[in-house]
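Trainee: The structure under discussion is supplied below as structure tokens; questions concerning it will follow.
The values are calculated or read from the model by the stated rules, or taken from the named source; none is laboratory data. All values derive from a computational prediction rather than experimental measurement. Using ideal geometry, Cβ is built from the backbone for each residue, glycine included, and neighbour counts are taken over all protein chains shown.
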Amino acid sequence: MSHSPTQQLLHERIQLSIAEHVAEVRLLRADRHNGLDWAMIDGLLEAQRCLAQHLQEQPGDIRTLVLAGEGESFCAGLDMADIMTQPQRLPWLLKAADDGINPVQRLALGWRELGVPVLVALQGHVYGGGLQIALGANIRIAHPQARLALLEIDWGIMPDMGISVTADGMRSDVICEMAWSGRKIAADEALTLGLVSRLADDPQQAAMDAAQAIAARSPRAVAAFSELMQQSPDLSERDRLALEARLQSGLLGSAEQQEAVAARLQGRVARFD
């Protein structure tokens, strides 16, 4: 079932839109390179809660999610000047909920909990918390002139927004050098190092196009492969192969699989509503 497009503004910092099974979370602080002030942090966490509630009320309505930043940059990281205006809130950032995840970690990890593919469009400054949020996505599409860095070391702190989880599988020497030195990395080097998925002159359009393409595919097949990729690292080779077979057996002959085959043979768009 297809639903009418929806859009809402959260804490004057985040625009949340849902249309044609694709959700978009857009950062709206372009004049400050979308730096993370308290309102931005609250808005991002509120967006996660809204999306989770939407999926609970309308299961399957959201099939992909795009994260993007308005203006010249995706996100330049923490706006430390603003953050320090409310020192009484600082302990809250590191206070874990019942699931063991604290609010600052949830800024990056919370998107994964929605259970849909997450894509992020990167341009301009992708620094500190901005890069850590981006690492929480499944696919990162960057402008050729984007620059990436972990700048927490400039403030005498370390990256802690779930990077021990989101950077799992990436080269530890690359992540360590970035965290220890704060070195800024150009997009082409980031691509070579595996920090971004691909480059595009218009990363926001490229991310939306990719999200729409994924949303048009069998939701069960997309979810099955997501489960395979998520669970495989913790399994033995034999158990990985068994999981592949189990997930595939749940797809073969299903209504969605039959619709995918029929649409392909008939030269039409598949309908999975």
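Trainee: Can you name the residue in the range 131-158 that is of a type in the set (A, V, I, L, M, F, W, C) and assigned to a loop (DSSP other than H, G, I, E, B) and, of all such residues, is surrounded by the most Cβ atoms within 10 Å (Cβ to Cβ)?
Mentor: Of everything passing the filter in the range 131-158, Leu150 is surrounded by the most Cβ atoms within 10 Å (Cβ to Cβ).
Trainee: Can you tell which of Asp37, Asp99 is closer than 29 Å to Lys184 by Cα and surrounded by fewer than 22 Cβ atoms within 10 Å (Cβ to Cβ)? Outline the logic, then answer.
Mentor: On the way: Asp99 fails: closer than 29 Å to Lys184 by Cα.
Just a single option satisfies the conditions, and that option is Asp37.
Trainee: Let me ask something additional. Enumerate the pairs (first residue in the range 209-230 and without any contact (Cβ under 8 Å) to a residue 40 or more places away in the chain; second residue anywhere and of a type in the set (D, E, K, R)) with beta-carbon separation below 9 Å, excluding pairs fewer than 6 apart on the same chain, so at least 6 apart or on different chains.
Mentor: Arg220/Glu256; Ala221/Glu256; Leu228/Arg240; Leu228/Glu244; Gln230/Arg112
Trainee: Within the range 6-23, does at least one residue satisfy the condition of being of a type in the set (D, E, K, R) and either assigned to a helix (DSSP H, G or I) or under 16 Å from the mean Cα position of the chain (by Cα) (or both)? So that I can check it myself, show each step before the final result.
Mentor: Residues of the range 6-23 that are of a type in the set (D, E, K, R), as a first pass: 12-13, 20.
Filter once more, so that each one left must be either assigned to a helix (DSSP H, G or I) or under 16 Å from the mean Cα position of the chain (by Cα) (or both): none.
No, every residue in the range 6-23 fails to be of a type in the set (D, E, K, R) and either assigned to a helix (DSSP H, G or I) or under 16 Å from the mean Cα position of the chain (by Cα) (or both).
Trainee: Also: Hey, can you tell me all the residues within the range 169-184 that are surrounded by 14 or more Cβ atoms within 10 Å (Cβ to Cβ) and part of a helix (DSSP H, G or I)?
Mentor: If the condition is that a residue be surrounded by 14 or more Cβ atoms within 10 Å (Cβ to Cβ) and part of a helix (DSSP H, G or I), then Val174, Ile175, Glu177, Met178, Ala179 are the ones that fit.
Trainee: Of the residues that make up the range 53-65, is at least one assigned by TED's automatic domain parsing to the domain that holds Asp188, crowded, with 24+ Cβ neighbours inside 10 Å and closer than 19 Å to Met178 by Cβ?
Mentor: Scanning the range 53-65 turns up no residue that is assigned by TED's automatic domain parsing to the domain that holds Asp188, crowded, with 24+ Cβ neighbours inside 10 Å and closer than 19 Å to Met178 by Cβ.
Trainee: If you check Arg171, Arg140, Arg106, which single one turns out to be basic (Lys, Arg), under 30 Å from Glu227 (Cβ atoms) and in contact (Cβ under 8 Å) with a residue 60 or more places away in the chain? Talk me through it step by step, then tell me what you get.
Mentor: Details: Arg171 fails: in contact (Cβ under 8 Å) with a residue 60 or more places away in the chain; Arg140 fails: in contact (Cβ under 8 Å) with a residue 60 or more places away in the chain.
Checking each option against the conditions leaves just Arg106.
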